[in-house]
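The values are calculated or read from the model by the stated rules, or taken from the named source; none is laboratory data. From a predicted model like this one, the values you see are computed outputs, not experimental measurements. Every residue, glycine among them, receives a Cβ derived from its backbone with ideal geometry; neighbour counts consider all protein chains shown.
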Amino acid sequence: MRLILASSSPRRKELLNMLGIEPEIIVPVVDENTLPGESMETFLRRVSIAKGEAVYRDEFFDIPLISSDTIVWCDNLIIGKPADRDEAYRFMKILSGNMHEVLTGLAVRYRGVSYYEYARTRVEFSEISQEELIYYLDNEHYLDKAGAYAIQGLASAFIKRIDGCFFNVMGFPVNLFYQMMKAMGIELYK
């Protein structure tokens with residue numbers, strides 16, 4: 001099955017590969033800054049859909065075009081990808097010892113219609129010591145990850161508990177994607 005993935009995320013590609021799908025990758029260029037007064041839900045929907053719209057061409061009309069965005073929500077703050085080490089440090093300090101939510105907006109454009117849903121997973125971090133945090137920042141690739149961490153990386157040692165889809169925390173809610181495709185009449189396994 002031909003599928004377009006509007007994303008630069010190697011994890012999204014990897015999770016689609018796990019489902020037996022080899023997507024065509026087109027990297028979107030979209031402003032991922034929040035607008036004044038914009039709610040978390042509105043931001044997530046806007047950016048997720050905008051990524052697909054940024055790469056859409058008429059020739060993709062009959063091809064599912066997938067786009068998504070993942071954010072971390074903690075203490076009424078949208079925590080995206082850190083710009084640098086200092087911001088990653090600040091993000092990890094916010095998450096340390098706290099419960100946060102990981103939300104991934106998932107948009108599918110197919111035959112002129114854009115479908116949108118989002119997944120929400122609660123993640124609880126244990127307290128992270130100063131030594132642990134410095135080690136983490138010295139040894140992990142965190143700049144391209146919402147919240148400055150990957151559940152499948154070094155930060156897994158800090159995760160006390162999750163409630164919801166593990167794959168959502170990786171950046172692509174696999175079951176939600178599968179259910180959306182089925183609802184649109186696109187059978188992945190037939």
- prompt: Which ones in segment 115-139 are in a loop (DSSP other than H, G, I, E, B) and under 23 Å from Phe166 (Cβ atoms)?
  reply: Ser126, Glu127, Ile128
- request: State yes or no: is Glu22 assigned to a loop (DSSP other than H, G, I, E, B) and within 16 Å of Leu77 (Cα to Cα)?
  value: no
task: For segment 90-108, enumerate the residues that are part of a helix (DSSP H, G or I) and either crowded, with 17+ Cβ neighbours inside 10 Å or in contact with a Cys (Cβ under 7 Å, 6 or more places away or on another chain) (or both).
output: Phe91, Met92, Ile94, Leu95
- request: Considering only segment 21-52, state which residues are acidic (Asp, Glu) and at pLDDT 95 or above.
  value: Glu22, Glu24
query: If a residue has to be aliphatic (A, V, I, L, M) and either surrounded by fewer than 14 Cβ atoms within 10 Å (Cβ to Cβ) or in contact with a Gly (Cβ under 6 Å, 6 or more places away or on another chain) (or both) to count, how many in segment 109-128 make the cut?
result: 1
- request: Among what's in segment 59-80 and is touching a strand residue (DSSP E or B) at 6+ places or on another chain (Cβ under 9 Å) and not in a strand (DSSP E or B), pick the residue that is nearest to Leu133 (Cα to Cα).
  value: Gly80
field: Restricting segment 160-185 to residues that are among the aliphatic types (A, V, I, L, M) and surrounded by fewer than 15 Cβ atoms within 10 Å (Cβ to Cβ), the residue that is farthest from Ala6 (Cα to Cα)
entry: Ala183
